[in-house]
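Notes follow the structure.
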Amino acid sequence: MAADHPRMPPPGLVRAVELVRNGLSVAYRKLVPGQLAVMEMLAAGWLSQAIHAAAELGIADALADGPHSGAELAKTVGADEDALHRLLRLLIGHGIFTRRRDGRYALTPMASALRRDSDVSLRDAALFFGSSIHRDNWSHLVDAVRTGKPVGEALHGMSFFEHAQADRTLGTLFDNAMTSIGSLGLAPLLAAYDFARFDTLVDVGGGEGTLLAEILCRAPQSNGILFDLPEVAESAAGRLADLGLADRCRVERGSFFDTVPRGGDAYILKHILHDWPEDDAGRILATIRAAMKPDARLLIIELVIPHNSRPHPGKFIDLEMLVNTGGRERTADEYRKFLARFGFTLNRVVPTVSPDNILEAVPA
Ligand SMILES: C[S@@+](CC[C@H](N)C(=O)[O-])C[C@H]1O[C@@H](n2cnc3c(N)ncnc32)[C@H](O)[C@@H]1O
């Protein structure tokens, strides 16, 4: 069965609160000396690394059965008690974990997100983003900015995806992180768009089938086709069968640079286009356009960069793509023009509570 998702607040309300938050940040940065504001930002990477350390140690899992003293916790996770206290003191200041009046440490909703068994767990994302390989690539951001190219070839003699295939420690870290981040955006997507109106949905590069499974569990009349590379499709087929969806969801293997299944009423491309350099992303669109019926929809799910100079998660992921894959994030206008080059008209951009948007396009 698909997981029960919490109710989503209206995207407009979330954006309004975000605006207030940004306004307060700007006011603070104008109030204090610029150097102080920059220094705070320089330290932001240390916070990310502290979250990684907490995930590696499994602190959230160790607190799942209730609060623990520092000594108990240090023993359970295999840490130095004083150093653990200092790590937690930093994280508590940011809402991750809490310390009760009796001195015992406990979970908060944010800390629970690091539990291995949490419904939507970010533990694997924390492990990947704080890993030495991810850090190593980011420490060469300056090279990517100088050359406009991802750093993998120069550092490891291969692209990021080749590296993930060759080094399964990296590959597994990455795959697990993608599944973890993928589950984070599911509830907002399902709340924002009526996927059930389509008879047949094709998820192109659908990975483990997490999104398709969630859609099909809520749309008993719909059928699905999951399309991915052979080794990924293999594990998706097992997962879909375990969920009792084998009769409504076919799995097809292949490369989206050569072919995609025909006959879909909607083609989903979730977090695919941003992975690839412009020419490759164009080839994916051209393959789908050739397979689509005239009345089918293309649903691109990506972080759309807003037309303003405020902070936005898409601006981080855009650099993540520059460093690692050579891909990029785009504004809605850039998507409109890009899609038009491959025979699509962008109908509308549907916002969600998360930074993901659904770009609905039709054959022109
Ligand atoms: C970033 S993951 C996104 C997975 C899924 N759409 C999601 O949002 O969770 C990229 C997916 O593209 C698949 N992929 C990469 N190259 C491919 C190709 N040439 N043809 C088909 N799928 C491919 C990968 O196996 C992986 O499942």
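The values are calculated or read from the model by the stated rules, or taken from the named source; none is laboratory data. Because the structure is a prediction, the values reported are computed rather than measured. So basically every Cβ, Gly included, is an ideal-geometry build from the backbone, and we count neighbours across all protein chains shown.
Set side by side, the residues Ala37, Ala55 differ, and just one is in a helix (DSSP H, G or I), in contact with a helix residue (DSSP H, G or I) (Cβ under 7 Å, 6 or more places away or on another chain) and touching a residue at least 12 places away in the same chain (Cβ under 8 Å), which is Ala55. Taken as a whole, the structure leaves Glu18 outside the set of residues that are touching a helix residue (DSSP H, G or I) at 6+ places or on another chain (Cβ under 7 Å) and of a type in the set (D, E, K, R). When the stretch 255-272 is filtered for residues that are crowded, with 16+ Cβ neighbours inside 10 Å and either outside the structural domain of Gly209 (by TED's automatic domain parsing) or farther than 24 Å from Arg197 by Cα (or both), only Phe256 remains.
I'm trying to understand the selection: among the residues of the stretch 227-246, which are outside any helix (DSSP H, G or I) and within 13 Å of the ligand (Cβ to nearest atom)?
Of the residues in the stretch 227-246, the ones outside any helix (DSSP H, G or I) are 227-229, 243-246.
The answer is Phe227, Asp228, Leu229.
Taking every residue in the stretch 312-339 that is free of Cβ contacts under 8 Å to residues at least 12 places away in the same chain and pairing it with any residue that is of a type outside the set (Asp, Glu), at least 6 positions away or on another chain, the pairs with Cβ-Cβ distances below 6 Å are Arg336/Leu346.
What helices (runs of 4 or more DSSP H), lying completely within the stretch 91-182, carry at least 3 residues that are of a type in the set (A, V, I, L, M, F, W, C) and buried (at least 19 other Cβ atoms within 10 Å of the Cβ)?
123-129
Tell me yes or no: at least one residue of the stretch 8-23 is crowded, with 16+ Cβ neighbours inside 10 Å and in contact with a Leu (Cβ under 9 Å, 6 or more places away or on another chain). The answer is yes, given that some residue of the stretch 8-23 is crowded, with 16+ Cβ neighbours inside 10 Å and in contact with a Leu (Cβ under 9 Å, 6 or more places away or on another chain).
Of everything in the stretch 199-226 that's within 12 Å of the ligand (Cβ to nearest atom) and acidic (Asp, Glu), which residue is farthest from Phe161 (Cα to Cα)? It comes out as Glu214. Does Val204 satisfy the condition of being of a type in the set (Val, Ile, Thr), touching a residue at least 40 places away in the same chain (Cβ under 8 Å) and touching a strand residue (DSSP E or B) at 6+ places or on another chain (Cβ under 6 Å)? Yes.
Given the criteria assigned to a strand (DSSP E or B), within 10 Å of the ligand (Cβ to nearest atom) and out of contact with any Asp or Glu (no Cβ under 6 Å at 6 or more places or on another chain), does Leu269 qualify? Yes: the conditions hold for Leu269. Condition test on Ala286, is it at pLDDT 95 or above and under 23 Å from Asp258 (Cβ atoms)? Answer is yes for this residue. Entry remark, the stretch 107-125: residues being touching a Lys or Arg at 6+ places or on another chain (Cβ under 6 Å) and within 22 Å of Glu81 (Cβ to Cβ) number 1 in total.
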